[in-house]
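The values are calculated or read from the model by the stated rules, or taken from the named source; none is laboratory data. Predicted model, so just to flag it, every value in this text is computed and none were measured. Glycine also receives a Cβ, built like all others from the backbone with ideal geometry; neighbour counts cover every protein chain displayed. What goes into the accessible areas is simple: the full protein's heavy atoms, side chains included, and nothing from ligands, DNA or RNA. Shrake-Rupley method; radii C 1.70, N 1.55, O 1.52, S 1.80 Å.
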Amino acid sequence: MGRPKKFNRDDVLDKVALVFWENGFKGTTLRDLEKATGVNKSGLYSEFKNKEDLYFASLNRYIANLVAASPLAVEPLGYDNIERFFKRKPCRTRKGCFCINTMRELPALPLKVNEMVTKTMAGVRVALIMNIAAERPKMDPEVIADFVLTNFIGSHLEQNLADAEKSSARKLRNFMRILRTL
């Protein structure tokens, strides 16, 4: 019988998510994870198989929390939800969205991470379509959703730039003005 673990799994996942979010998968060392969590290598590996498993679990928890609190599910559906979706924390940080930043490193990550991110983006697209359709636009809601999702991903990648915050509010206002005309 092994020793009981002395840490909370969810707390560990929240802490390592911040480290991976800041440094990326490749830029994060086991030492970084030990330091952030206060859990040594053997403790981490008793709960998680390896660094890839820890990354997957932390990203999965991050996505689950975002989905649970998604403004895209709020009634009434519409463009106001999309604007809130663009503005929400924690994605509007200096480092952008953890899920979207993961897209940059997909070739170095296990296939199951790619599948999770793909499934997440597909779910976001469906929610966008529903919100756009509720506004009865002139264009096909699916076409508009692709436009919105591409802009969403780009705006979150742009958060990694040093001066992105200065222009992000203006860009979002302009984007929403365009969206409301489609």
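Accessible area of Glu22 (1.4 Å probe, protein heavy atoms only, ligands and nucleic acids ignored): about 110 Å².
Here's the list of lysines a cross-link from Lys166 could span, going by alpha-carbon distance under 20 Å and ignoring same-chain residues fewer than 8 apart: Lys87, Lys89, Lys95. Taking each residue as 0.36 nm, the span from Asn160 to Lys41 lengthens on full extension beyond its C-alpha to C-alpha distance by 39.9 nm.
Partners of Lys15 within straight-line reach, counting aspartates and glutamates whose Cα lies under 16 Å from its Cα and excluding those fewer than 8 residues away in the same chain: Asp32, Glu34, Glu47, Glu52, Asp53. Candidate values [x] 64, 35, 27; [y] 43, 38, 32; [z] 75, 52, 30 were compared with Cα extents along the principal axes in Å computed on the shown model; the agreeing label is [x]. Per-residue ellipticity at 222 nm computed for the chain from its helices equals -21000 deg cm²/dmol, with DSSP H segments shorter than 4 residues left out and the rest contributing -39,500 (n - 2.57). Short-range pairs are left out: with C-alpha atoms under 8 Å and at least six residues apart, the relative contact order of the chain is 23 percent. Considering only Gly27, Gly38, Ile100, and ranking their Cα positions along the charge dipole of the chain that arises from unit charges at the beta-carbon of Lys, Arg, Asp and Glu, the one farthest toward the positive end is Gly38. When the accessible area of segment 1-148 is split by element with a 1.4 Å probe, what percent falls to carbon and sulfur? Heavy-atom surface of segment 1-148 belonging to carbon and sulfur, 1.4 Å probe: 55 percent. Rounded, prolate or oblate: pick one for segment 69-154, where a ≥ b ≥ c are the square roots of the eigenvalues of its C-alpha gyration tensor, a/c under 1.5 means rounded, and failing that, prolate if a/b is larger than b/c, else oblate. Since a/c reaches 1.5 and a/b is larger than b/c, the shape of segment 69-154 is classed as prolate. Charge dipole (Cα centre; +1 on Lys/Arg Cβ, -1 on Asp/Glu Cβ; no other charges) of segment 45-182 amounts to roughly 480 debye.
The residues of segment 77-141 expose, per residue, 51 Å² of accessible area to a 1.4 Å probe.
Could you tell me which of rounded, prolate or oblate describes segment 39-111, using a ≥ b ≥ c as the square roots of the eigenvalues of the alpha-carbon gyration tensor, with rounded for a/c under 1.5 and, failing that, prolate when a/b is larger than b/c and oblate otherwise? Since a/c reaches 1.5 and a/b is larger than b/c, the shape of segment 39-111 is classed as prolate. Overall shape: oblate for segment 122-182, with the ratio a/c of the largest to smallest alpha carbon gyration tensor axis at 1.5 or above and b/c at least equal to a/b.
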